[in-house]
1. Inside region 6-24, can you point out the residues that are farther than 30 Å from residue 109 by Cα and either within 16 Å of the chain's Cα centre (by Cα) or assigned to a helix (DSSP H, G or I) (or both)?
2. Scan region 42-56 and report the pairs whose first residue is without any contact (Cβ under 8 Å) to a residue 60 or more places away in the chain and whose second residue is β-branched (Val, Ile, Thr), with Cβ atoms within less than 8 Å and a gap of 6+ or a chain change.
3. Which residue pairs have Cβ atoms under 6 Å apart, sit 6 or more places apart or on different chains, and have a first residue in region 232-256 that is under 20 Å from residue 94 (Cα atoms) and a second that is surrounded by 11 or more Cβ atoms within 10 Å (Cβ to Cβ) and among the hydroxyl-bearing types (Ser, Thr, Tyr)?
4. Here is a check on your reading of the model: is residue 33 in contact (Cβ under 8 Å) with a residue 40 or more places away in the chain, of a type outside the set (S, T, N, Q) and over 26 Å from residue 248 (Cα atoms)?
5. For region 169-178, check the following and say yes or no: at least one residue is farther than 16 Å from residue 45 by Cβ, over 25 Å from the mean Cα position of the chain (by Cα) and free of Cβ contacts under 8 Å to residues at least 60 places away in the same chain.
6. Go through region 116-165 residue by residue and tally those that are surrounded by fewer than 19 Cβ atoms within 10 Å (Cβ to Cβ), among the aromatic types (Phe, Trp, Tyr) and touching a residue at least 24 places away in the same chain (Cβ under 8 Å).
7. Take residue 42 and tell me if it is under 13 Å from the mean Cα position of the chain (by Cα) and farther than 28 Å from residue 135 by Cα.
8. Which residue, of 66, 36, 83, 32, is over 23 Å from residue 213 (Cβ atoms), hydrophobic (A, V, I, L, M, F, W, C) and in contact with a Pro (Cβ under 6 Å, 6 or more places away or on another chain)?
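The values are calculated or read from the model by the stated rules, or taken from the named source; none is laboratory data. Worth saying up front: this structure is predicted, and the values here are computed from it rather than measured. All Cβ positions, glycine included, derive from the backbone under ideal geometry; neighbour counts span all protein chains shown.
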Amino acid sequence: MGIAFLALLIYFLISKKQFEKSIKKISIFILVGVIVGIHWATFFQALKVSNVSVTLTTLASASFFVSFLEPLFYRRRIIWYEVFFGLLVIFGLYLIFSFEAEYKLGIILALCSAFTAALFSVINGRLIQKSKAGQITMYEMLGGVIGISIYTLLFENVEVGAFSPSFLDIFYLLILGIICTAVAFVVSIEVMKVLSPYTVSISINMEPIYAIILALIFFGESEKMTIGFYFGAALILSTVIGNGVLKHVFKKRKAS
């Protein structure tokens, strides 16, 4: 998150773009950034105690949380099929949980990560209507750094010499910070100018498909799951298609 913040700060300085001047807005961005920090902290811890496939599939439950949070923040009625697809996600998670009980802690942490992802996504959906995606992301990354740093200093015994990344580690951190965090986060906020947080959230549910395939390539045997896991994952990912189809049908009906 620190790398993402610095990358965006350098970009704004070089391009001579105007910085946000409202202290109130900056404060809100930084506070939302703390939520983003909690999301990533629980996400990485879930990866550590389980594996890539379990963590990312469980993370798909974010769409269920969004289906309730979005009407609350946007003051609109709850859409029945969004809740239905959210319940399908929960059932898919139940199947995964039943067959992969050894990853119980990882699933719980990933659910916490999913809820915080849903929360900051819905809030960002409101913020993007009045602010630039780059500005929102830059200050949110700063907020995440502040939040995680305070937590680390207070609750973790970290020695200065413990952090000594190799050249390859630095290379990977730069990719994760600049491309996978700064750029990806800006884009994910920018699209909410035209798409609802729920649609963005459920579209991101495609991530486990890519992750499971890549995890099998990179990590091999440790990522192989039971048939029940893949059935649950397929059920979760089918919500992506179902949501897209229904939204298209209702849009056509409304137009006609």
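1. Here is the first cut: in region 6-24, the ones farther than 30 Å from residue 109 by Cα are 9-24.
Within region 6-24, 9, 10, 11, 12, 13, 14, 23, 24 meet the criteria.
2. 47/55
3. Between residues of region 232-256 that are under 20 Å from residue 94 (Cα atoms) and residues that are surrounded by 11 or more Cβ atoms within 10 Å (Cβ to Cβ) and among the hydroxyl-bearing types (Ser, Thr, Tyr), the close pairs are 233/57.
4. Working: in contact (Cβ under 8 Å) with a residue 40 or more places away in the chain: yes; of a type outside the set (S, T, N, Q): yes; over 26 Å from residue 248 (Cα atoms): yes.
Answer is yes for this residue.
5. No; the residues of region 169-178 include none that is farther than 16 Å from residue 45 by Cβ, over 25 Å from the mean Cα position of the chain (by Cα) and free of Cβ contacts under 8 Å to residues at least 60 places away in the same chain.
6. Total meeting the criteria: 1.
7. Working: under 13 Å from the mean Cα position of the chain (by Cα): yes; farther than 28 Å from residue 135 by Cα: no.
So residue 42 fails the test.
8. Values: 36 fails: in contact with a Pro (Cβ under 6 Å, 6 or more places away or on another chain); 83 fails: in contact with a Pro (Cβ under 6 Å, 6 or more places away or on another chain); 32 fails: in contact with a Pro (Cβ under 6 Å, 6 or more places away or on another chain).
After ruling out the rest, the residue left standing is 66.
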